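Asks: I have a structure here, written as structure tokens, and I will follow up with some questions on it.
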Amino acid sequence: MASTYSTSLKIQLIGNGEQSGVWGSTTNTNWGLIEQAVAGVVQITMANANYTLSNLNGVTDEARNMVLVVGGTNSGVYQVIAPLVAKFYVVTNNTVGGYAITIGGATGTTVSIPNGYTCFVYCDGTNFYACDTSSGGNFYVNGTL
């Protein structure tokens, strides 16, 4: 069986019997990519246009990161286009211009993130959803609500 790549995180899945004597390098690369998915932070710069996240097999990319810090200058609402795979993101809109950004796939629903805010979002493989739309119990706030 030939090596393939996982759907969501693009981690190399070594085929049975492959990479004899060198599989350790691939495994170490995979662990680095998993770390990027769990704790990675990437700066994205928008410039009055939609921005498509890089999404690559077996090497570092933008879409794999857990946290997307979006900067740049926008004169309208533009979209960060992410792959349509099951994934959780923390997205900060630090753009200049005062406009919201959206995050979503090339198709399906998107989530709007107001300027100056950070939101938790996830994709189910088809649509994007905001994670912070309700509270399952008592809700306490420090500061201004």
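Asks: Could you look at the stretch 23-71 and say what percent of its accessible area is carbon and sulfur, using a 1.4 Å probe and all protein chains?
Replies: That fraction is 58 percent.
Asks: With each pseudo-label sitting 7 Å past Cα toward Cβ, what's the Ser3-Met66 distance in nm, one decimal?
Replies: Rounded to a tenth, the inter-label distance reads 2.6 nm.
Asks: Roughly speaking, what is the stretch gain from Asn142 to Asn94, that is 0.36 nm per residue apart minus the C-alpha to C-alpha distance, in nm to one decimal?
Replies: Going from the current span to full extension adds 15.0 nm.
Asks: Also, I was wondering about something else. In nanometres, what is the gap between the two model label sites at Val59 and Tyr117, each 7 Å from Cα along Cα-to-Cβ?
Replies: Once both label points are built, they end up 3.7 nm from each other.
Asks: Please calculate how many Å² of accessible area the chain carries per residue, with a 1.4 Å probe and no DNA, RNA or ligand atoms counted.
Replies: Normalised by residue count, the accessible surface of the chain is 56 Å².
Asks: What's the extension gain from Ser20 to Ser75 if we count 0.36 nm per residue and subtract their Cα-Cα distance?
Replies: Here the segment from Ser20 to Ser75 would lengthen by 14.4 nm.
Asks: How much mean residue ellipticity at 222 nm does the chain get from its helices, if each DSSP H run of length 4 or more adds -39500 (n - 2.57) and you divide by all residues, to the nearest 500 deg cm²/dmol?
Replies: -4000 deg cm²/dmol
The values are calculated or read from the model by the stated rules, or taken from the named source; none is laboratory data. Since the model is a prediction, treat every value here as computed from it, not as a measurement. Cβ sites come from the backbone with ideal geometry, for glycine too, and all protein chains shown count toward neighbours. Calculation scope for accessible area: heavy atoms of the full protein, side chains included, ligands and nucleic acids excluded. Shrake-Rupley method; radii C 1.70, N 1.55, O 1.52, S 1.80 Å.
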